[in-house]
There are 2 protein chains.
Amino acid sequence: MKLEDVKAYRERTAEFFRMANIVLTPEESENIEIADFGLDDLEHLGLELVTYINTDRYCGKELMLFPRQFCPEHHHPPLSADNPGKRETFRCRWGEVYLYVEGDPAPNPKARVPDKYRQYLTVWKEIILRPGEQYTIPPNTKHWFQSGDEGAIVSEFSSTSTDENDIFTDPNIVRLPVIE
Amino acid sequence: MKLEDVKAYRERTAEFFRMANIVLTPEESENIEIADFGLDDLEHLGLELVTYINTDRYCGKELMLFPRQFCPEHHHPPLSADNPGKRETFRCRWGEVYLYVEGDPAPNPKARVPDKYRQYLTVWKEIILRPGEQYTIPPNTKHWFQSGDEGAIVSEFSSTSTDENDIFTDPNIVRLPVIE
């Protein structure tokens, strides 16, 4: 992605946070992570993030999804005998989120995803999160999520985050951003 | 504290969350923890809490302070060879917080505390947190905090919470609530 595009998406994200009355410092707003997962199709696929704190014990982030944007399927694998992989709790703060995890597939899921991405979405147990609702994803469990028509903001409470260890179902994905 | 008082304080706390646009589920609102630390002086000393998640790896809470209410001085001691004690990140979401930790004492601290409690407040390095600002308190470090004239709401991202292990400077304090 080009830096000018990243800056425009940061401003768009910051506007959503303002609308939801979630306050960021100017430094945080200027450094919002725009994750396009290397696919350069942010209107459909991607995630916007502010990492408040990430230590060797816990992590806290604010996640933002543009309307109908989805975060592609991935899991957090075991990293050592003492670390079964990242565990995370998603708490919806604003908007609506359709979260998919391993289990009985929803007969009529609410997510709408372009056909070209569907082959890499293999789990379809549906959890709908509205403001104040939350769900905890166990380690090493495939999951993906999309926002509803208004977009969504989600607080993530989790164990340590090491994005470079995430495993994506879609082999075309590159997690760490490349800015031209 | 009497149950009827607890219920009234829960409703008052829920009203602050509504004002700050932080959504709780009905169950969360009905179970807000009203911590008077056994001193039955909640207008001055205490804390209101919603624990979103507390696992053996991480914890997430929303803390609320009524105007000028303070949370008494305490620390989170080491619990084992692998656990140096709870580490916590306070992020101010609404209002203003005066946080005090070990270090150079502030010459003119903003906190105002009734005289009878001052002998148990021994650390006076001041950190002022406004919305969007945050501070991480290392394990085993004495700290206490008061809200400003409007009250305050703080998101806490932390390692596992075990309130029963907290050590308070004031020997009169009982952390776990007793409801008559």
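The values are calculated or read from the model by the stated rules, or taken from the named source; none is laboratory data. Predicted, not measured: the structure shown is a model, and the values here were computed from it. Here the Cβ positions follow ideal geometry from the backbone for every residue, glycine too, while neighbour counts run over all protein chains shown. Side chains included, ligands, DNA and RNA excluded: accessible areas come from the protein's heavy atoms. Shrake-Rupley method; radii C 1.70, N 1.55, O 1.52, S 1.80 Å.
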*Any chance region B:139-154 includes a residue that's assigned to a loop (DSSP other than H, G, I, E, B), more than 15 Å from B:Cys71 (Cβ to Cβ) and not hydroxyl-bearing (Ser, Thr, Tyr)?*
yes
_Under 7 Å between Cβ atoms, which residue pairs at least 6 apart in sequence (or on different chains) link something in region B:72-88 that is more than 13 Å from every other protein chain (Cβ to nearest Cβ) with a partner that is assigned to a strand (DSSP E or B) and open to solvent by 10 Å² or more (accessible area, probe 1.4 Å)?_
B:Pro72/B:Phe168; B:Glu73/B:Phe168; B:His74/B:Ile167; B:His74/B:Phe168; B:His75/B:Ile167; B:Pro77/B:Ile167
*region A:1-32, residues that are under 25 Å from A:Phe168 (Cβ atoms) and touching a Lys or Arg at 6+ places or on another chain (Cβ under 9 Å)*: A:Asn31, A:Ile32
*asked:* Six or more apart or on different chains, Cβ atoms under 7 Å: show the pairs whose first residue is in region B:138-151 and of a type in the set (Ser, Thr, Tyr) and whose second is assigned to a strand (DSSP E or B).
replied: B:Thr141/B:His75; B:Thr141/B:Val101; B:Ser147/B:Leu65; B:Ser147/B:Gly95; B:Ser147/B:Glu96; B:Ser147/B:Val97
*From the residues in region A:139-155 that are open to solvent by 10 Å² or more (accessible area, probe 1.4 Å) and within 15 Å of the chain's Cα centre (by Cα), which one is farthest from the other protein chains (Cβ to nearest Cβ)?*
A:Lys142
*If you go through region B:14-26 one residue at a time, do you hit one that is more than 10 Å from chain A (Cβ to nearest Cβ) and crowded, with 21+ Cβ neighbours inside 10 Å?*
no
*Determine whether A:Ala111 is more than 9 Å from chain B (Cβ to nearest Cβ), buried (at least 18 other Cβ atoms within 10 Å of the Cβ) and not in a strand (DSSP E or B).*
yes
*Has region A:157-168 got any residue that is within 23 Å of B:Thr25 (Cβ to Cβ), open to solvent by 20 Å² or more (accessible area, probe 1.4 Å) and within 12 Å of chain B (Cβ to nearest Cβ)?*
no
*Report whether or not B:Thr51 is under 24 Å from A:Ile53 (Cα atoms), surrounded by 19 or more Cβ atoms within 10 Å (Cβ to Cβ) and within 14 Å of chain A (Cβ to nearest Cβ).*
no
*Meets criteria (within 14 Å of chain A (Cβ to nearest Cβ) and buried (at least 19 other Cβ atoms within 10 Å of the Cβ)) for B:Phe66*: no
*Tell me which of these B:Pro105 doesn't satisfy, since it passes every other one: (1) surrounded by fewer than 19 Cβ atoms within 10 Å (Cβ to Cβ); (2) touching a residue at least 24 places away in the same chain (Cβ under 8 Å).*
(2)
*Would you say A:Thr136 is at the interface with another protein chain (Cβ under 9 Å from one of its Cβ atoms) and open to solvent by 30 Å² or more (accessible area, probe 1.4 Å)?*
yes
_Residue satisfying condition, being of a type outside the set (A, V, I, L, M) and without any contact (Cβ under 8 Å) to a residue 12 or more places away in the chain, within set A:Glu96, A:Glu27, A:Glu62, A:Glu33_ = A:Glu27
